[in-house]
Amino acid sequence: EKLKSHDFLATIQSMLADGDLDQAHADAQMVPREIKRAHITLHKTLGQGAFGEVKKGEIDESSAGGAPGYPCAVKTVKAGNAEGMADLLQEATVMAQVGSHPYIVSMIGVVTSGEPAMLVISLCEHGSLKDVLLKAHDDDVPVEPSEKNRICVEIAEGMAYLHSKRFVHRDLA
């Protein structure tokens, strides 16, 4: 079954025209992968914002010959929220252009047909680094200097990768 998905090539062209993507580094082949809605199971809500929610989910594409079930995070957009939908589509476009790196949250794919629209990303099982460090502080569990150094090196490697792709990241949570 062929899924009707969003025209991400048009989104890339629009972002290039607006200066949101760098012409020299944009790749029209790097578009989000459309996932069948039936392959996503949503679980508990992890957070919410003005445009939608982030839920813990599971993606299981084994019935279609794909990967067996594994956990993921799913950003959703509230039905009828055009601004939230535009933001989600641009975020998915940027994530596709960036690709994957071990120290950056990676996109798995999108669900753009039907509602709610979904951006499926890798799950940070313990939350953001900021949340993990705050919890360690609140629980009075010191972070060893060697662990702090490892964290700093991994952040720097992730940011260097983004820089190599000509992207500026503004939220290191």
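The values are calculated or read from the model by the stated rules, or taken from the named source; none is laboratory data. In this text, all values refer to a predicted model and were calculated from it rather than measured experimentally. A quick note on method: Cβ atoms are made from the backbone with ideal geometry, for glycine too, and the neighbour counts reach across all protein chains shown. Protein only, heavy atoms only, side chains kept; ligands, DNA and RNA dropped before computing areas. Shrake-Rupley method; radii C 1.70, N 1.55, O 1.52, S 1.80 Å.
In the context of the full set of protein chains, residues of segment 47-173 present 59 Å² of accessible surface per residue (probe radius 1.4 Å, heavy atoms only).
Among 161-167, 18-24, what's the highest-first ranking by average C-beta atoms within 10 angstrom per residue?
Numbers: 161-167: 14.7, 18-24: 11.6.
Packing order, densest peptide first, comes out as 161-167, 18-24.
Counting only GluC sites (Glu not before Pro) that DSSP places in a loop and that have at most 12 other Cβ atoms within 10 Å, the longest clean stretch of the chain runs over 2-124. The modelled label-to-label distance between Asp22 and Leu162, using points 7 Å beyond Cα along the C-beta direction, is 1.4 nm.
If you work out percent of Cα pairs over 29 Å apart from the coordinates, which of [x] 19; [y] 26; [z] 46 do you get? Given [x] 19; [y] 26; [z] 46, the structure-derived one carries the label [y].
Rounded to the nearest 20 debye, what is the charge dipole size of the chain about its Cα centre when +1 sits on each Lys and Arg Cβ and -1 on each Asp and Glu Cβ?
Working: 17 positive and 25 negative charges, 65 e Å.
For this selection, approximately 320 debye.
Could you tell me what percent of the accessible area of the chain is made up of carbon and sulfur, with a 1.4 Å probe and every protein chain present? Exposed carbon and sulfur together represent 54 percent of the surface. Counting only DSSP beta bridges whose two residues both lie in the chain, roughly 95 percent are antiparallel.
The angle separating the long axis of helix 145-164 from the principal Cα axis of greatest extent in the chain is about 30 degrees.
Based on the convex hull around the alpha carbon atoms, segment 71-173 presents an average projected area of 7.8 nm². Taking only Cα atoms, what is the 0 to 90° angle, nearest 10, from helix 8-18's long axis to the longest principal axis of the chain? With rounding to tens, the tilt is 70 degrees. For trypsin sites (Lys or Arg not before Pro), the sites in segment 1-90 that DSSP calls loop and that have at most 11 other Cβ atoms within 10 Å are Lys2, Lys4. Taking a straight Cα-Cα cut-off under 22 Å and skipping sequence neighbours fewer than 8 places away in the same chain, the lysines within cross-link reach of Lys36 are Lys2, Lys4, Lys44, Lys55, Lys56, Lys75, Lys78.
Of interest is the spacing of the C-alpha centroids, which for segment 89-108 and segment 135-173 amounts to 18 Å.
Once every DSSP H run of n ≥ 4 in the chain is given -39500 (n - 2.57) and the sum is divided by its residues, what mean residue ellipticity at 222 nm do you get, rounded to the nearest 500 deg cm²/dmol? Can you show the working numbers first?
Numbers: 4 runs with 58 residues, N = 173.
For the chain, the value works out to -11000 deg cm²/dmol.
Give the peptides 109-121, 5-17 in descending order of average Cβ contacts within 10 Å, highest first.
Order by mean packing, descending: 109-121, 5-17.
Our summary gives the chain a relative contact order of 20 percent, counting only alpha carbon pairs under 8 angstrom and 6 or more residues apart.
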